[in-house]
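Just below is one structure, and these are the notes that go with it.
The values are calculated or read from the model by the stated rules, or taken from the named source; none is laboratory data. Predicted model, so just to flag it, every value in this text is computed and none were measured. Glycine also receives a Cβ, built like all others from the backbone with ideal geometry; neighbour counts cover every protein chain displayed. Surface accessibility is based on the protein's heavy atoms, side chains included, excluding ligands, DNA and RNA. Shrake-Rupley method; radii C 1.70, N 1.55, O 1.52, S 1.80 Å.
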Amino acid sequence: MKRLLLIGLFALIFHVVAMGVYLRNGLQGNIDFHILSSSHFGVPKPLADRGLRPLYEDGVYLGWDGQFYYYIANDLRGSPETMKHIDTPGYRYQRIGLPLLAKAASIVTFQGWVSPTLYYLTYLLLLVAGTMAAGLLLQSVGCHPAWSLLWTLSAGTQLTLLNGLPDAAADAFFLIGLACLRSNRRVWVWLSVIPLSFMVLSREAYVALPVLLFLFFGLDRLRAAGTEGRLASVAAWIKSPAFICLAVPVLAFAAVQIAVRFGLNVDPGAAQGILGPPLKAWWRFWSSGISGVHPFVGAGAHARSEFVLLTIFLALLVITFVLSIRLFVVAYHRRAPLDQALGATAAVFCVLYLFFADAVMMHYSGYMKVASIFLFLVPYMNARKDELAGQGQIGGRVFAQAWQWCVREPGKKFLYAFLIVAALYGGIHVWEERILPENRPLYWPYTRVTEPRSTNAAECLPAYKARFDVLEERPFPLPDTRYNRLFPPPTTKLIRVRATNLTDRPFANTSAPGAVNLSYQWLDSAGHLISDGIRTFVPGGIAPQASAEAWLVAEYPRQPGRYILRISAVQESCSWFHTKDPSSAVDLSVEVR
């Protein structure tokens, strides 16, 4: 128990620190902003009257899904005022589990509403409980409970807690419910109905677990009873606590689906663009990540990170699927229906996730939040499979020892090393991309990165001829914050440029390959390339013989010395303009002191 408490305490401290840094850097110190609300969807009037305002007030950036679930927490019945501020009310209201828990917390604490602070704290304590439940489950199969931290430190768990999405909440309910079902005490088995019900109401795919549990427990009873005693066995099964604990979540799921469809008069089906042909979207974004030009995140390091994370995602699916089938087979022979259902549920998840479409696969925040639970399932199912099968039951003693030392142990070490890398890489990427950046979101009004673009690819231009005129140069207004004082950012300037298209082809503004973006390169005094600069998008593109003005955000090198700042344009996946036509650039001499 002491180890579980220490693991829970570590998870609590880690997530509190992460939110503290995130508040200071990206949320202007206001926890109300952690749901990433936007003026595009607006804030329901009752919440606006309480002083809640959107983080993104330009009407362009859409925010993220956490805003919708937070609004639901303050209006579980779905009034027209709330529903008009939600993108797909039917889809969101079927995931009412986390909002329902937050509302319950507000009642218990005698709050008149679910404040953003209470919403976050409820979620935080749920994740801590989920981490401890995962540790208890792993400990029960002979693993160190600290392996549960792979889940709590993963990219998906961090992201969904930071921004109020229900995915990690569904995982936590699953872990708590599974721990209750595994308990030898009858009271905990009865109590499992609560987390299992919240689980299916937080992410609809999780309804597979109680359905399959119901099926395999029933089949096991029939299998054990024989031909003559089947009727009595079924009657005893219906009266058992396991039957009620599995029936209630399924009935709760069905009730919410009916209430959403007929009570709110909206379709609770999946949001548009969630599912599509298997691996089609994965391949599109994975291959674009290899090329270094990602359709959504653009070019550079973030595109390469998407390639790595998509590789990790597919590897997790394959590993989890193989282990789930092996656990299912062993559990069938050992007559362990709970493990049969767990293996079958994990296999269903793996197959389902192959069908994810662009809306999920376009960014790691979509696909990694559903894959995080695999970082628990893989070590747990692997250990549970070995526990059920028995160690060394492969053949004679000599062969068994050879198998153990030459195959099983190296394979297990490689598996756990991969899980550590997967969790750390994704978790660190969240810090680099979401938590630590203080200034990058301030660039967006100038780089126009959040504005709508075409999704059609463009062919490489036959000629790369353009003129660039520098109109204005001024320091970028970086905020004077404690983080910036502790970790001084590089000198950053705004450079206003007029770009003129001197060709007979339009310069496309698209999120696909072939987009023409304004940017710059840093060269040393001898003309050797040091680095590429930040891209600036040109909404609408530039027509032939036309001009457009835009701001470049130039981050200066940190090392003192003389440099050349070369301003030009780049056609993504094709070429920089100045490498094809040296006149299609303008050079500025810069001295960094």
Filter result for the condition that a residue is part of a helix (DSSP H, G or I), surrounded by fewer than 18 Cβ atoms within 10 Å (Cβ to Cβ) and out of contact with any Cys (no Cβ under 9 Å at 6 or more places or on another chain), over Val318, Val329
Val329
Only one of these conditions is not met by Pro475: (1) open to solvent by 80 Å² or more (accessible area, probe 1.4 Å); (2) modelled with pLDDT of 80 or more; (3) within 28 Å of the chain's Cα centre (by Cα); (4) not hydroxyl-bearing (Ser, Thr, Tyr). Which number is it?
(3)
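How many of the residues making up the stretch 244-276 are part of a loop (DSSP other than H, G, I, E, B) and either open to solvent by 40 Å² or more (accessible area, probe 1.4 Å) or modelled with pLDDT under 80 (or both)?
Count: 9.
In the list Arg562, Arg558, which residue meets the criterion of being surrounded by fewer than 19 Cβ atoms within 10 Å (Cβ to Cβ), at pLDDT below 95, among the basic types (Lys, Arg) and part of a loop (DSSP other than H, G, I, E, B)? Steps first, please.
Working: Arg562 fails: part of a loop (DSSP other than H, G, I, E, B).
Answer to the selection: Arg558.
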Taking the stretch 569-588 as the region of interest, how many residues are basic (Lys, Arg) and in contact with a Gly (Cβ under 8 Å, 6 or more places away or on another chain)?
0
Could you give me the residue pairs with C-beta distances under 8 Å whose first residue belongs to the stretch 367-381 and is farther than 19 Å from Glu306 by Cα, whose second residue is open to solvent by 10 Å² or more (accessible area, probe 1.4 Å) and outside any helix (DSSP H, G or I) wherever it lies, and which are 6+ apart or on separate chains?
Pro379/Cys143; Tyr380/Val141; Tyr380/Cys143
I'd like to know if the stretch 109-128 contains one or more residues that are without any contact (Cβ under 8 Å) to a residue 12 or more places away in the chain, surrounded by fewer than 24 Cβ atoms within 10 Å (Cβ to Cβ) and β-branched (Val, Ile, Thr).
yes
Just checking, does the stretch 72-79 include any residue being open to solvent by 20 Å² or more (accessible area, probe 1.4 Å), hydroxyl-bearing (Ser, Thr, Tyr), assigned to a loop (DSSP other than H, G, I, E, B) and in contact (Cβ under 8 Å) with a residue 60 or more places away in the chain?
no
Given the condition farther than 22 Å from Gly263 by Cα and in a helix (DSSP H, G or I), answer yes or no: does some residue in the stretch 84-98 qualify?
no
Given (1) in contact (Cβ under 8 Å) with a residue 24 or more places away in the chain; (2) at positive phi, index of the condition Gly51 fails:
(1)
Condition first: open to solvent by less than 10 Å² (accessible area, probe 1.4 Å) and either out of contact with any strand residue (DSSP E or B) (no Cβ under 9 Å at 6 or more places or on another chain) or modelled with pLDDT of 90 or more (or both). Now tell me which residues in the stretch 37-46 satisfy that.
Ser37, Pro44
Working only within the stretch 1-57, note down all residues that are in a loop (DSSP other than H, G, I, E, B) and over 30 Å from Met83 (Cα atoms).
Met1
Looking at the stretch 78-90, which of its residues are out of contact with any helix residue (DSSP H, G or I) (no Cβ under 7 Å at 6 or more places or on another chain) and either farther than 20 Å from Val200 by Cα or modelled with pLDDT of 90 or more (or both)?
Ser79, Pro80, Lys84
Neighbours by Cβ (under 9 Å, 6+ apart or cross-chain): first from the stretch 558-584, at negative phi; second crowded, with 18+ Cβ neighbours inside 10 Å and among the acidic types (Asp, Glu):
none
Tally, over the stretch 160-192, of residues that are open to solvent by 30 Å² or more (accessible area, probe 1.4 Å), part of a helix (DSSP H, G or I) and either among the charged types (D, E, K, R) or in contact (Cβ under 8 Å) with a residue 12 or more places away in the chain (or both):
5
Here are Glu591, Glu549: which of them is out of contact with any Gly (no Cβ under 6 Å at 6 or more places or on another chain), among the acidic types (Asp, Glu) and within 29 Å of Asn456 (Cα to Cα)?
Glu549
I'd like the full set of residues that are within 28 Å of Glu555 (Cβ to Cβ) and touching a residue at least 24 places away in the same chain (Cβ under 8 Å), limited to the stretch 461-473.
Leu461, Tyr464, Lys465, Ala466, Arg467, Phe468, Asp469, Val470, Leu471, Glu472
Per the filter on the stretch 134-159, residues open to solvent by 10 Å² or more (accessible area, probe 1.4 Å) and in a helix (DSSP H, G or I) are Leu136, Gln139, Ser140, Ala146, Trp147, Leu149, Leu150
For the stretch 193-214, the count of residues that are farther than 22 Å from Pro379 by Cα, open to solvent by 10 Å² or more (accessible area, probe 1.4 Å), assigned to a helix (DSSP H, G or I) and of a type in the set (A, V, I, L, M) equals 4
Out of Leu62, Leu100, report the one residue that is of a type in the set (A, V, I, L, M), in contact with a His (Cβ under 6 Å, 6 or more places away or on another chain) and under 30 Å from Ala423 (Cβ atoms).
Leu62
